[in-house]
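Inspection log for the structure reproduced underneath, given as structure tokens.
The values are calculated or read from the model by the stated rules, or taken from the named source; none is laboratory data. In this text the structure is predicted, and so the values were computed from the model without any measurement. Cβ coordinates were reconstructed from backbone atoms using ideal geometry, including for glycine residues, and neighbour counts include every protein chain displayed.
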């Protein structure tokens with residue numbers, strides 16, 4: 001090393017280069033013990049320190065390139081490293097510890113950043129993932145309920161605006177909670193929200209509370225949300241404490257109201273809605289079961305109709321004479337019996353508006369679509385129809401051992417009673433029931 005030892009100056013450092021034919025050349029400083037200059041064949045130059053550990057092993061450390069290290073700084077660093085060596089410390093271990101410490105701090109900072117982002121992320125993101133995950137198994141109505149309770153609002157009102165109300169739609173009932181970070185939706189916050197909503201829309205608040213509880217339980221089962229979701233935020237006791245006692249629904253058409261109801265419903269300008277409402281009453285089927293009837297489900301020849309049952313999958317019921325006459329004249333626009341050109345799904349979505357107008361015109365009290373199903377079951381008793389028969393037509397699950405295991409009613413027996421129920425209802429409404437063997441003409445509208 002001594003033959004290449006000179007006092008380092010900025011000029012000498014700048015001019016020094018690797019000898020031809022060598023991979024690297026070294027020049028050593030006389031001012032700082034062990035400080036050297038390494039010039040590689042590729043042109044790179046770096047300051048190095050060469051020393052000897054107390055074990056006798058030779059040690060060579062790279063300080064840094066001449067482009068980033070000034071000569072004075074390189075000499076100071078060489079002295080610092082040599083001091084460590086004199087104290088029995090291997091600078092390589094110290095460097096590894098420094099790198100490890102820096103990496104640990106970086107990882108900690110990254111973890112904090114991720115945690116802050118996680119905390120700040122609104123529950124709405126998880127809500128949208130929840131909807132997409134459940135979409136294949138939800139009905140169209142259940143999906144719409146989730147979209148409605150979480151909507152942003154602020155869209156122009158197209159109907160139903162009362163005097164003094166805003167011309168923009170309001171945010172969904174769950175929106176104030178879903179814009180919060182998921183971990184902030186705890187029992188205290190839900191209780192405050194529920195207490196406020198229960199004062200002016202308790203029924204809707206009850207539905208939203210149930211939807212929120214199912215959502216939080218779903219989050220509790222997901223690894224990515226498990227540590228954020230408060231699955232105890234919607235305990236049953238809270239709804240019992242904050243919501244009025246749920247009253248059993250009893251809306252139902254009475255015998256003396258049938259004449260006015262049929263007269264008003266048959267005046268509805270939309271024949272699809274008019275037929276839907278009458279079919280809902282005369283079959284006792286659920287709202288979505290009626291709306292979901294396809295043309296392939298209706299057999300005019302054998303007078304049967306298949307209902308897509310939410311409990312059993314499907315059930316077959318008689319196609320009674322009057323219902324057959326209603327369906328036969330409907331336009332065949334697509335696969336749906338109760339079609340709607342305006343709906344994205346192609347089928348009827350919202351019959352309540354026209355039904356409510358018909359009720360008002362007839363001077364009748366409020367009656368839900370489900371109330372039509374309740375009406376069928378109630379009115380069937382006037383012809384002394386066996387409860388098991390009407391329940392089977394309506395798709396109620398058997399409620400007794402005899403019904404579950406010892407009653408297998410043929411379709412003809414159901415038809416006998418179903419036709420009788422329909423005939424009695426129509427007679428009370430002042431409508432003549434078509435003959436059972438009447439030919440049903442089909443009208444096709446493009």
Working carefully through the options 263, 342, find the one that is out of contact with any helix residue (DSSP H, G or I) (no Cβ under 6 Å at 6 or more places or on another chain), surrounded by fewer than 21 Cβ atoms within 10 Å (Cβ to Cβ) and assigned to a helix (DSSP H, G or I). 263
Hey, among the residues in region 219-251 that are in a loop (DSSP other than H, G, I, E, B) and surrounded by 17 or more Cβ atoms within 10 Å (Cβ to Cβ), which one's modelled with the lowest pLDDT? 243
Some residue of region 393-409 being modelled with pLDDT of 95 or more, assigned to a helix (DSSP H, G or I) and out of contact with any helix residue (DSSP H, G or I) (no Cβ under 8 Å at 6 or more places or on another chain): no
Can you find even one residue in region 434-445 that is within 43 Å of the chain's Cα centre (by Cα), assigned to a loop (DSSP other than H, G, I, E, B) and modelled with pLDDT of 90 or more? no
